Amino acid sequence: MKSAAEALKGFKKFNPKKLPVEEPLTPGHRACQGCGEVLALRQVMKALGHDTIVASATGCMEIITSSYPHSAWKVPWIHVAFENAAAVASGIEAGYKALMRKGKIPEKKVTFVGMGGDGATADIGMQALSGALERGHNFIYLCFDNEAYMNTGIQRSSSTPYGASTTTSPAGKKSIGQSTWKKNMAAIAVAHGTPYVATCSPYYYLDLMNKAKKASLVEGPAYLHIYSPCPTGWRCNPEEALTTARLAV
């Protein structure tokens, strides 16, 4: 297996004057105004292209892109449980390799993606993600970190920063709010020996797209931790979402 450095040798960065025109994730979804998560997802999918298969945990991106009978996806996509997006993505990858090895499907470069929010990643899906990274499956895991369980009513997660006020860690006269420090998921991914780990922000869209493309070129698992502003949960104006994402970097 090639090292990450060998796989990325000669990598060509995206140019703002010549970006992909394809939209594997189409407009017309039901995201809130100013949603940084769906903006980041769109940028990632533009970078990866149509030869991509996605397993999506329960959460905001699942709900706003796939409200029956409509779908914003133009690639193979499956909604799975809150806790097992990484396990399903690794199973799809293993099955695809087996079918190619048996000659039942032609050999073709396909990118496999598992994705979820910070709750689905750092809390409920931690075991499945750890197992997939340890086994070395050739897939990308995307964590869209808006620092709480926003879809179900702004509850705290282990990714909620110290002092933040949520419905389950309210700040007040006798409480600072969230009383624990934010879990460092990127460092945890690195500790698994993951070949490619990166942190990203939708404000720096070229950086995000380049990191997504690099993740697809590296052999073995890759982990992208994407800081995703949520105007609804953060109580900021929708037009300030990207500015907030920039200030947080």
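Looking only at the range 222-249, how many residues end up being among the charged types (D, E, K, R) and within 25 Å of VAL190 (Cβ to Cβ)?
Total satisfying the criteria: 1.
One line per residue, one yes/no per condition, for (1) touching a helix residue (DSSP H, G or I) at 6+ places or on another chain (Cβ under 6 Å); (2) modelled with pLDDT of 95 or more; (3) of a type in the set (A, V, I, L, M); (4) closer than 25 Å to LEU217 by Cβ:
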position	(1), (2), (3), (4)
LEU48	yes, yes, yes, yes
ASP51	no, yes, no, yes
PRO69	no, no, no, no
SER90	yes, yes, no, yes
GLY95	no, yes, no, yes
MET100	no, yes, yes, yes
VAL113	no, yes, yes, yes
GLY119	no, yes, no, no
ASP123	no, yes, no, no
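Identify all residues within the range 23-57 that are loosely packed, with under 12 Cβ neighbours inside 10 Å and more than 25 Å from PRO238 (Cα to Cα); write none if there are none.
none
Give the residues of the range 170-223 that are free of Cβ contacts under 8 Å to residues at least 40 places away in the same chain, surrounded by 21 or more Cβ atoms within 10 Å (Cβ to Cβ) and polar (S, T, N, Q), sorted by residue number.
GLN178
Can you confirm whether GLY163 is closer than 24 Å to ASP51 by Cα and surrounded by fewer than 22 Cβ atoms within 10 Å (Cβ to Cβ)?
no
So how many residues does the range 139-163 have that are outside any strand (DSSP E or B), more than 13 Å from CYS60 (Cβ to Cβ) and not small (Gly, Ala, Ser)?
5
Does ALA132 satisfy the condition of being crowded, with 24+ Cβ neighbours inside 10 Å, touching a Cys at 6+ places or on another chain (Cβ under 9 Å), hydrophobic (A, V, I, L, M, F, W, C) and under 25 Å from ALA87 (Cβ atoms)?
So ALA132 does not fit the description; no.
The values are calculated or read from the model by the stated rules, or taken from the named source; none is laboratory data. Note that the structure is predicted; figures quoted are calculated from it, not measured. No Cβ is skipped: glycine too gets one built from the backbone with ideal geometry, and neighbour counts run over all protein chains shown.
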